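*Asks:* To start, I am sharing the structure in question, which I have written as structure tokens.
The values are calculated or read from the model by the stated rules, or taken from the named source; none is laboratory data. Given the structure is predicted, the values throughout are model-derived calculations rather than measurements. Cβ sites come from the backbone with ideal geometry, for glycine too, and all protein chains shown count toward neighbours. Surface accessibility is based on the protein's heavy atoms, side chains included, excluding ligands, DNA and RNA. Shrake-Rupley method; radii C 1.70, N 1.55, O 1.52, S 1.80 Å.
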Amino acid sequence: MNTTNSTSPVTKFILLGFPSLGWLSRTLLCTLLSSTYTGMVAGNLSIMWAVLRDPRLQRLPMYILLGNFAWVEIVYVTTTMPRMLFDLMNPSVPISFLDCFMQFYVFFSMGATESFLLSTMALDRYLDICHPLRYPVLMSPQISWVLAASCWLVGFLWFMMPVVLISQLSFCGPNTLDHFVCNPDPLLAASCAPAPWTEQTFSTMTSLIIFGTVLFILTSYGLIIRAVLRLPAGSGRQKAFSTCTSHLAIVGLFYGSIMVTYVNPATSGRSGKVVTLFYTVGTPFLNPLIYSLRNKEMKEALRRTLLGGQ
């Protein structure tokens with residue numbers, strides 16, 4: 001195992017990944033992850049293609065947001081997956097300091113953007129169900145694009161300060177990071193001295209975005225449920241709930257795995273890596289399946305655009 005002397009400044013890191021796996025296990029895992037990654041990219045590109053090519057979907061704010069969400073998923077996974085696959089088949093090859101922190105920044109920025117987009121999609125469902133008459137004005141396609149762009153902008157600004165603070169720390173070695181991505185916990189552990197203020201800053205920013213967006217989403221759906229229960233029993237309720245189930249399923253998958261990782265400090269080592277692997281690979285892979293299988297409009301749009309139907 002390559003390490004650097006504890007007195008030498010670190011300019012490269014080694015991502016340990018899953019060091020206990022043998023060659024055969026690494027090959028099988030690499031094959032599985034490659035297939036999942038290919039399916040994830042294909043599924044999310046299909047959603048983007050359908051939204052871009054179908055004039056009907058382009059007029060619906062929910063699908064404008066969904067198209068942005070699909071692009072976030074592709075970038076989110078691509079930030080880590082190629083390097084992860086490379087490290088599985090080429091262990092102990094170092095990653096440069098700059099590449100490591102670029103991965104760290106983009107990975108967490110895309111996670112923040114995804115959180116804001118999920119919140120905006122909850123707002124869209126709330127306005128559609130609770131204020132149907134004012135919905136075309138409150139959530140027009142133009143407003144949807146502004147909200148989507150705002151999610152991207154704020155998402156990329158959110159973790160900028162914590163990432164810069166961590167990058168300014170001195171790293172004395174060893175240069176091994178016990179993870180398959182450049183994550184704050186192993187980076188802070190590799191610093192020459194404790195950095196409580198930097199650690200607290202990152203923890204605060206992470207907690208704010210997780211709990212803030214979760215609270216917003218839960219509040220939105222609480223108001224939605226109250227409004228739907230006031231409707232006469234029958235198809236009205238079923239139709240209202242059917243437009244929310246796909247979004248709720250993705251919210252549950254995304255936030256459930258993230259909270260296990262960043263809120264429960266007991267989750268570490270291999271178990272922490274497995275949970276991280278799930279929300280960085282598994283959830284983005286399931287998202288297009290959830291939306292395409294449970295959404296009639298999306299299935300029809302995919303059929304029209306991908307199969308040439310009218």
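*Asks:* Sorted by packing (mean other beta-carbon atoms within 10 Å per residue), highest first, where do 66-73, 157-164 land?
*Replies:* Values: 66-73: 24.4, 157-164: 17.2.
By packing density, highest mean first, the sequence is 66-73, 157-164.
*Asks:* Percent of accessible area on the chain owned by carbon and sulfur, 1.4 Å probe? List each step's numbers first, then the result.
*Replies:* Values: 10080 of 14940 Å².
Heavy-atom surface of the chain belonging to carbon and sulfur, 1.4 Å probe: 68 percent.
*Asks:* Test of understanding: in a Gaussian network model of the chain with alpha carbons linked when under 10 Å, which of THR120, THR206, THR11 would top the mean-square fluctuation ranking?
*Replies:* For the chain, modelled as a Gaussian network with Cα springs under 10 Å, the answer is THR11.
*Asks:* Between the helical axis of 61-78 and the dominant principal axis of the chain, each derived from Cα atoms, what acute angle in degrees is found, rounded to the nearest 10?
*Replies:* So the inclination is approximately 20 degrees.
*Asks:* Given the DSSP H assignment, sum -39500 (n - 2.57) over each helix run of at least 4 residues in the chain and divide by its residue total; what's the result at 222 nm in deg cm²/dmol, nearest 500? Each step should come with its number before you reach the end.
*Replies:* Numbers: 14 runs with 226 residues, N = 310.
Estimated from H runs of four or more residues: -24000 deg cm²/dmol.
*Asks:* Next question. Could you check the simple spin-label distance between LEU231 and GLN58, using points 7 Å along Cα→Cβ, in nm with one decimal?
*Replies:* 2.9
*Asks:* Find the centroid of the Cα atoms in region 179-210 and in region 20-42, then give the distance between the two in whole Å.
*Replies:* 28
*Asks:* Most mobile of LEU147, LEU253, LEU21 per a Gaussian network model of the chain (Cα springs, under 10 Å)?
*Replies:* Between LEU147, LEU253, LEU21, it is LEU21 that shows the largest mean-square fluctuation.
*Asks:* Checking the cross-link filter: which aspartates and glutamates have an alpha carbon closer than 19 Å to that of LYS299, excluding same-chain neighbours under 8 positions apart?
*Replies:* Reachable aspartates and glutamates: ASP54.
*Asks:* Per residue, how much accessible area does the chain have with a 1.4 Å probe, in Å²? Working shown, then result.
*Replies:* On the way: 14940 Å² over 310 residues.
Ligands and nucleic acids excluded, the figure is 48 Å² per residue.
*Asks:* Continuing with the same structure: Would you kindly enumerate the cysteines in the chain that have no other Cys beta-carbon under 4.7 Å from their beta-carbon?
*Replies:* CYS30, CYS130, CYS151, CYS244
*Asks:* Continuing with this model, one more query. Once the Cα atoms of helix 283-294 and of the chain are each reduced to a long axis, what angle between those two axes, in degrees from 0 to 90 to the nearest 10, is obtained?
*Replies:* 10
*Asks:* Here's something else I'd like to know. Near LYS12, which aspartates and glutamates are there with a Cα under 17 Å away, not counting those fewer than 8 places off in the same chain?
*Replies:* LYS12 reaches ASP87, ASP99, ASP178, ASP185.
*Asks:* Going by average Cβ density within 10 Å per residue, which order do the peptides 47-59, 174-186, 89-101 take, highest to lowest?
*Replies:* Working: 47-59: 17.1, 174-186: 20.4, 89-101: 14.9.
Descending packing order for the listed peptides: 174-186, 47-59, 89-101.
*Asks:* If R0 is 35 Å, what FRET efficiency do you get for SER25 and THR204 from their C-beta distance, rounded to 0.05?
*Replies:* Values: r = 38 Å, r/R0 = 1.09.
Once rounded, the FRET efficiency stands at 0.35.
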